[in-house]
1. Who wins for biggest fluctuation among P142, P232, P128 in a Gaussian network model of the chain, springs between alpha carbons below 10 Å?
2. Let a ≥ b ≥ c be the square roots of the eigenvalues of the Cα gyration tensor of region 206-303; is it rounded (a/c under 1.5), or, if not, prolate (a/b larger than b/c) or oblate?
3. Considering only lysines 8 or more places apart in sequence, or on different chains, count the pairs in the chain whose C-alpha atoms sit under 23 Å apart.
4. Based on the Cα coordinates of region 182-257, what is the per residue volume of their convex hull in Å³?
5. How long is the gain from A215 to A134 if the chain were fully straight, where each residue apart is worth 0.36 nm and the alpha carbon distance is subtracted?
6. Can you tell me which of A134, A269, A104 moves the most in a GNM of the chain? Springs connect C-alpha atoms under 10 Å apart.
7. For the chain, with the dipole built from +1 on Lys and Arg beta-carbon atoms and -1 on Asp and Glu ones, taken about the Cα centre, which of L257, V74, L180 lies farthest toward the positive end?
8. When only alpha-carbon atoms count, how far does region 5-120 stretch along each of its three principal axes, as whole angstroms with the largest first?
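Laboratory data are not the source of any read-out in this text; all were calculated from the coordinates shown. Keep in mind the model is a prediction, meaning the values are calculated, not measured. A quick note on method: Cβ atoms are made from the backbone with ideal geometry, for glycine too, and the neighbour counts reach across all protein chains shown.
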Amino acid sequence: MTRPRIALIGCGFFARNHMQAWAELGAEVIAVCDRDLDKADGFARDFSVARSYQDAATMLAEQRPEIVDIATTVTSHRALVELAAGVPVVVCQKPFAETLADAAAMVAACDAKGSMLLVHENFRWQKPFRLLKAAMTEIGVPRFLRLSFRHGHDIYFNQPYLAEVADLALTDVGLHLFDLARFLVGDVANVHCRTQRLNPHVAGRDAFVASLGHASGAVSSVECSFFTQRDPDLFPQTLALVEGDGGTLELTAGYRLIRHRAGTAPENAEPDLPVWGARPWHGIQESVVAFQAHVLDVLAGRAEPQPSGAHNIGTLAVTLAAIRSASIGQVVAVDQQEAGPR
Ligand code: NAD
Ligand code: 89Y
């Protein structure tokens, strides 16, 4: 089979992981683009890419890729996804959109042109969560989920723009956690959320605690903090506990998957360190490889998008409901029409 032609838009901090993962998978990035041409030229040099561009429209018209990998920040997503519609597979980084209207427009644009749209939602592709999801067949119907992402890692060093985001915790990692909750337990009907602003050096609310009511009647407790002082620091691990009718599973610090059953030893769920990776980011980097392998499967017709843009509208709806709940101090219903398919 010939190697699919991939074009990447946005040559910033996180896109380096995309590029390394495409290389590890033997996939060919034929062109890269950044509105800052020096960055695009730098990527082309570092990753031996034939062409670099400053303008995404020109790149797409000249290169006719089969996959467009959009690795820019959220404000550019709608225009770039609408531009890319018509390419067989379009991948957009998270946060997918700032509003449900933008997200719906992106899904509609891709549907109209026959493109498959995925959101680069890699937390569900992390090894601990792949294992946890598989193990859930052992515990019956899930009734309670706890997810906890709490650390003090200096995320602002690589991603300085995060220091200016008003609802930082909810829109940067909260949406990953809400996607995990939907992946593990199913649709969310309503949410109650409290936010905190803890780090005096950042502008936004950098911690939250949310209680999710699932359509099934299950309940999730989801929390995130970017200002937790502990040594060793847990970044970027998400701790989890799932209780089902027939048993309990837990992901604990140090990437251990525990089956709370007599005589069962913990399973090592630590992601491999990619040859190009670095600790502690391997927890995320390995999932980029897993997610992008899935994108290749989608292009080849071997898999359905996980998650699709349409599914991610529902995750955005939960995130926006959590922001509203925190601002009004009440439980907020997640409109099921806006919540999209599972
Ligand atoms: P960044 O600012 O370092 O890089 C973004 C790049 O996109 C910049 O170089 C910018 O010039 C370029 N760009 C913006 N608009 C463009 C346009 N219209 N055309 C061409 N280039 C354009 O940002 P980053 O830290 O790499 O983050 C990118 C996205 O990745 C963010 O949305 C962030 O939330 C996400 N991210 C995801 C994960 C994850 O685990 N999934 C981790 C980190 C970051
Ligand atoms: O942007 C965030 C993400 O998606 O994963 C971790 C991160 O890089 C910093 O919080």
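1. P232
2. Since a/c stays below 1.5, the shape of region 206-303 is classed as rounded.
3. 4
4. For region 182-257, the hull spanned by Cα atoms encloses 109 Å³ per residue.
5. 27.0 nm
6. A134
7. Value computed over the given set: L257.
8. Ordered largest first, region 5-120 gives principal extents of 38, 26, 24 Å.
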